[in-house]
1. Antiparallel DSSP bridges in the chain: what percent, to the nearest 5?
2. Test of understanding: what is the full-extension gain from I61 to I86, defined as 0.36 nm times their sequence separation minus their Cα-Cα distance?
3. For the chain, just the Cα atoms, rotate onto the principal axes and tell me the three extents in Å, largest first.
4. Could you work out the local net charge near P198, counting Lys and Arg as +1, Asp and Glu as -1, over the other residues with Cβ closer than 10 Å to its Cβ?
5. T121 to N107: extension gain in nm, 0.36 nm per residue of separation minus the Cα-Cα distance?
6. Pull up all non-local amide H partners of I30: gap of 5 or more, or a different chain, and H-to-H distance under 5 Å with H placed in the peptide plane.
7. If you take the square roots of the eigenvalues of the alpha-carbon gyration tensor of the stretch 167-212 and sort them as a ≥ b ≥ c, do you get rounded (a/c under 1.5), prolate (a/b over b/c) or oblate?
8. Report, please, the projected area of the stretch 91-197 averaged over directions, based on the convex hull of its C-alpha atoms, in nm².
Amino acid sequence: MGYKLYYASGSAAMGTRVLLEEISVSYELIPTKISSDKTRSPELLALNPNGWVPVLICDDITMYEGAAIAMFLCARHPEVRLAPKIDDPEYGLYLQTLVYFSSSVQNAFQLNYYPERFANTSADEPSAQRRGIRRLRETWKVIDDQIGSNEWVLGDQFSAVDIYLFMLTTWLDPLRGHPSTDAFPNVKRIANTVMARPSVQLVYDQWITENK
């Protein structure tokens, strides 16, 4: 079983690639340019009209949205135990947290990185960026409180949620006024543990080297 992954460094596709490494399946990376000043390729737009990655192709199935892809891969490969079983008590929290990451935490990043998507005029963009920073502080506090003393986000079991958490922490940029993971000790603890995994060391090698 092989996969094709439309991929760009620094994007959410890196989290998807970590999942594919954890699952130990063959996959092909399709390098994709997603810079805001670049025109999206017709090929990418045909697969995802938003022009974003990740886009995952498996047989006749084409998917976009990182959280949805994570759920899909976990369900397709239950043997690797990257998600609770549907009748496990943690299953609801697994779904809830992935959706919260994609709908709330990622939205806060978008406010700051892409204010033009939320502001009516260029004059309003700084306000959107500032709101994004405040929202980052709010959403990461929710996650930090949720983790508490857990070993992993969902409790005692490592999961795709922990990979997603690590991916999002790599987008925090103090030079943009973002909060540091130092402000969220439970988040930082899990992110540091995830970073030691071979899959993450492979995919995030350059980021890890640059942020030592």
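1. Taking every DSSP beta bridge within the chain, about 55 percent pair in antiparallel fashion.
2. Extending this stretch completely gives an extra 6.7 nm.
3. Principal-axis extents of the chain (Cα, largest first): 51, 45, 35 Å.
4. Details: positive: R197; negative: E21, E22.
Result for the local shell: -1.
5. On the way: separation 14, 0.36 × 14 = 5.04 nm, distance 1.91 nm.
So the chain would gain 3.1 nm between T121 and N107.
6. Placed amide hydrogens put L5, Y6, Y7 under 5 Å from I30.
7. The shape class here is oblate.
8. Directional mean of the projected Cα hull area for the stretch 91-197 stands at 6.7 nm².
The numbers here are math on the coordinates, done by the rules we state, and not lab data. None of the values given here were measured: they were computed from a predicted structure. Don't worry about glycine lacking a Cβ; one is built from the backbone with ideal geometry, like all the others, and counts go over all protein chains shown.
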